[in-house]
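Before any comments, here is the structure.
The values are calculated or read from the model by the stated rules, or taken from the named source; none is laboratory data. Remember, predicted model here, so these are calculated numbers, not experimental data. Cβ atoms come from the backbone with ideal geometry, glycine included; neighbour counts cover every protein chain shown.
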Amino acid sequence: MKPLDTFWALAVILIWGLNFVAGKIGLAQIPPLLLMTLRFSLVAILLIPFLRVQHGRMGQLAVVSVALGGVHYSLMFVGLSAIDAGPASIAVQLMVPFSAVLAWAFFRERLTALQIAGMMIAFAGVYVLGGDAEREPRAPYLLLVVGAAFALALATILIKRLGPISIFTLNAWIALFTVPQLLAATLILEDGQMAALRGADWRTWGAVAFMAIMVTIVSHGLYYYLVRKYEVNQVVPLTLLTPVAAVLLAVLILGEALSFGVVAGGVLVLAGVAMIQLRFEWRRVSR
């Protein structure tokens, strides 16, 4: 990988790690569903120039928006509102074993013994995270993040079935379809929205802008640029560094404790994910 592209890859990892930190900062003053409504509203506004009607695929885009915008982000940030950023960034890596299972179900991708063992190790790691007694409440909200990981895996499969599409056009439609879903959810399930908006300070609004611009638009654009330019097995393994970055940044910026449970659970999850992901990508590239 060229030095400049290596820099972009590291930038993506840093931005994705900071995403969890920004989420915790925003959640300190704004309820999770309202926070995501603001995020996707800003994305939709900024990506209006990229909206192109996708003939024959608008229904599929709407379904993707439900899985990704409506379900994944709702579960992810409701869970994140009650657990630390570090464990959340680790638990969401379960989208890799979930993706492997869904790829087997939808595309008849073969599951190897190594991948199955990796799944067991990854889920054992999340069990360790959930049993960390130093942070309560934990397990119920961690399960929401696990549910978010499954929704993300499902959305990934649905996006693959869409076929070729510009990442900016994809994000534009997902944002546009997601905003009314999240707006309805926050109005029904949350309260005190106006008070939260009036009390939000610059850090909160900065977190919303960072998640919308840097995470949803910039980092996703850079990631797909790298995936198109290089072999998948050169790029995808780098994503395993994201939870490492998230945990370290959460310790440095948010002052989260680095407990034995987080370290042990994180090592198990990442080891299991690596066994699944690296083997899965190697087989795809070798075909």
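Some observations on this one:
- Selected residue (criterion: farthest from the chain's Cα centre (by Cα)) from residues of the range 47-77 that are among the β-branched types (Val, Ile, Thr) and farther than 30 Å from Pro140 by Cβ: Val53
- Selected residue [surrounded by fewer than 19 Cβ atoms within 10 Å (Cβ to Cβ), touching a Pro at 6+ places or on another chain (Cβ under 9 Å) and of a type outside the set (Gly, Ala, Ser)] from Phe106, Phe123, Phe77, Phe50: Phe123
- With respect to the conditions (1) in a helix (DSSP H, G or I); (2) more than 27 Å from Thr169 (Cα to Cα); (3) at pLDDT 90 or above, Ile30 falls short on a single one, namely (1).
- Entirely in the range 138-241, the helices (runs of 4 or more DSSP H) that have 1 or more residues that are at pLDDT below 95 and of a type in the set (S, T, N, Q): 139-162, 167-189, 193-199, 232-235
- Taking the criterion of being among the small types (Gly, Ala, Ser) and modelled with pLDDT of 80 or more, the residues of the range 260-287 that qualify are Ala264, Gly265, Gly266, Ala271, Gly272, Ala274.
- Subset of the range 1-28 (residues that are surrounded by fewer than 18 Cβ atoms within 10 Å (Cβ to Cβ) and touching a Ser or Thr at 6+ places or on another chain (Cβ under 8 Å)): Ala11, Ala28
- Checking each residue in the range 99-114 for being of a type outside the set (A, V, I, L, M), more than 22 Å from Asn19 (Cα to Cα) and part of a helix (DSSP H, G or I) picks out Trp104, Phe106, Phe107.
- Some residue of the range 176-189 being in contact with a Gly (Cβ under 6 Å, 6 or more places away or on another chain), more than 21 Å from Val21 (Cα to Cα) and either surrounded by fewer than 18 Cβ atoms within 10 Å (Cβ to Cβ) or touching a residue at least 12 places away in the same chain (Cβ under 8 Å) (or both): yes
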